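The values are calculated or read from the model by the stated rules, or taken from the named source; none is laboratory data. The shown structure was predicted, so the numbers you read here are calculated from the model rather than taken from an experiment. When we count neighbours, we look across all protein chains shown, and the Cβ atoms used for this are built from the backbone with ideal geometry, even at glycine. Calculation scope for accessible area: heavy atoms of the full protein, side chains included, ligands and nucleic acids excluded. Shrake-Rupley method; radii C 1.70, N 1.55, O 1.52, S 1.80 Å.
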Amino acid sequence: MTKITFLNGQFIEHENAKIHIEDRSIQFADSVYEVVLFHKNKLADGLQHWQRLENSLAKLGMKMPYSVAEFDDYAKQLFNLNKLETASIYIQVTRGVCPRNQLIPQDIPQTVIMTVSPFKVPSTDLNKTTKAMLEPDIRWHMCDVKSTGLLIGSLYKQKAADNGCDDVIMHRDGNITECCFSNIFIVKNSQLITHPTDNLILAGITRATIIELAKKLNISTVERKFSIAELLNADEVFSTSTTTFVRPIHIINNKIMADGKTGNIAQSLFNSYINYINQ
Ligand code: PMP
């Protein structure tokens with residue numbers, strides 16, 4: 001079946017979806033993105049994703065190209081055209097096209113891209129061993145913007161793979177911030193701890209949902225900075241993201257965490273998250 005992609009208000013064959021070489025996303029990474037899960041005929045936490053898109057755009061001085069209702073509608077059409085039931089959608093909004101200029105052009109039409117891919121809900125068996133390594137967080141100071149300037153994350157993901165790891169956990173000034181493409185939680189004495197939402201991390205939509213689900217399970221949560229030593233002495237460590245849900249981390253820098261087993265809190269939050277998206 002021919003894959004259909006959305007580009008600037010039109011649904012076209014994926015192979016024919018082309019943007020101009022002077023789109024500012026190419027020269028300046030002047031663009032932001034979202035990834036949303038579509039499951040049970042709806043976008044999971046759709047509104048929160050559209051709000052974060054609006055927020056990312058606003059921080060770069062851009063507007064939402066469409067209303068939330070229009071975005072929802074385009075997304076639904078795209079899933080239908082591609083005959084997808086459970087899928088992820090990638091949305092990217094760029095400032096638009098203009099001859100290379102460091103000054104920001106005003107009022108040029110934005111470029112809007114939406115692509116969809118089939119998605120398999122992660123298995124409930126969380127016992128596959130996940131390994132991570134620590135690296136300094138050398139990204140910029142606007143990590144709250146979901147920018148397409150993702151080179152550090154991509155270089156780190158590759159470094160992890162080259163070292164037989166699944167992920168990199170980043171730290172800044174001695175504190176753990178997040179993973180390359182996910183947020184991180186630790187559990188100590190039955191309490192969940194995660195970095196507060198500020199300019200040093202992306203405010204993950206899954207992170208926020210997990211905090212809500214933890215409340216319902218009477219698991220106490222604190223949003224505060226925590227150190228590398230706290231990470232390495234945690235009872236449980238897991239990451240969260242739209243595409244990986246809750247992912248336990250069993251080995252960090254070759255140290256086996258909590259006997260290398262998936263902790264009870266990670267497992268119960270994973271189960272609650274599956275129930276949540278199935279509702
Ligand atoms: N942090 C970073 C740096 C990310 O790239 C992502 C996923 N895009 C997340 C956290 C998790 O965010 P979400 O739960 O909204 O997918």
Quick one: count up the residues across region 248-279 that are buried (at least 21 other Cβ atoms within 10 Å of the Cβ) and aromatic (Phe, Trp, Tyr).
1
Within region 173-188, is even one residue open to solvent by 50 Å² or more (accessible area, probe 1.4 Å), modelled with pLDDT under 95 and away from the ligand (no atom under 11 Å from the Cβ)?
no
Yes or no: Asn218 away from the ligand (no atom under 16 Å from the Cβ), surrounded by fewer than 23 Cβ atoms within 10 Å (Cβ to Cβ) and modelled with pLDDT of 95 or more?
yes
Residue pairs, Cβ under 7 Å, 6 or more apart or interchain, first in region 7-30 and outside the structural domain of Leu151 (by TED's automatic domain parsing), second modelled with pLDDT of 95 or more and loosely packed, with under 13 Cβ neighbours inside 10 Å. List them.
Glu13/Thr2; Glu22/Pro99; Glu22/Arg100; Gln27/Arg100
Complete set of residues in region 195-215 that are outside any helix (DSSP H, G or I), within 11 Å of the ligand (Cβ to nearest atom) and over 19 Å from Gly149 (Cα atoms)
His195, Thr197
Answer yes or no: is there a residue in region 94-112 that is touching a Leu at 6+ places or on another chain (Cβ under 8 Å), of a type outside the set (S, T, N, Q) and away from the ligand (no atom under 15 Å from the Cβ).
yes
Tell me, which residue of region 142-166 that is among the charged types (D, E, K, R) and within 11 Å of the ligand (Cβ to nearest atom) is most open to solvent (accessible area, probe 1.4 Å)?
Lys157
Which condition number does Glu70 fail, the rest of (1) open to solvent by 60 Å² or more (accessible area, probe 1.4 Å); (2) in contact (Cβ under 8 Å) with a residue 40 or more places away in the chain being met?
(2)
List the number of the failed condition for Ala58; all other conditions in (1) among the hydrophobic types (A, V, I, L, M, F, W, C); (2) open to solvent by 40 Å² or more (accessible area, probe 1.4 Å); (3) part of a loop (DSSP other than H, G, I, E, B) hold.
(3)
Just checking: which of the strands (runs of 3 or more DSSP E) contained wholly in region 86-140 hold 1 or more residues that are in contact with a Pro (Cβ under 9 Å, 6 or more places away or on another chain)?
87-94, 111-118
When the residues of region 221-233 are narrowed to those that are open to solvent by less than 50 Å² (accessible area, probe 1.4 Å), touching a His at 6+ places or on another chain (Cβ under 9 Å) and not in a helix (DSSP H, G or I), which ends up farthest from the ligand (Cβ to nearest atom)?
Ser227
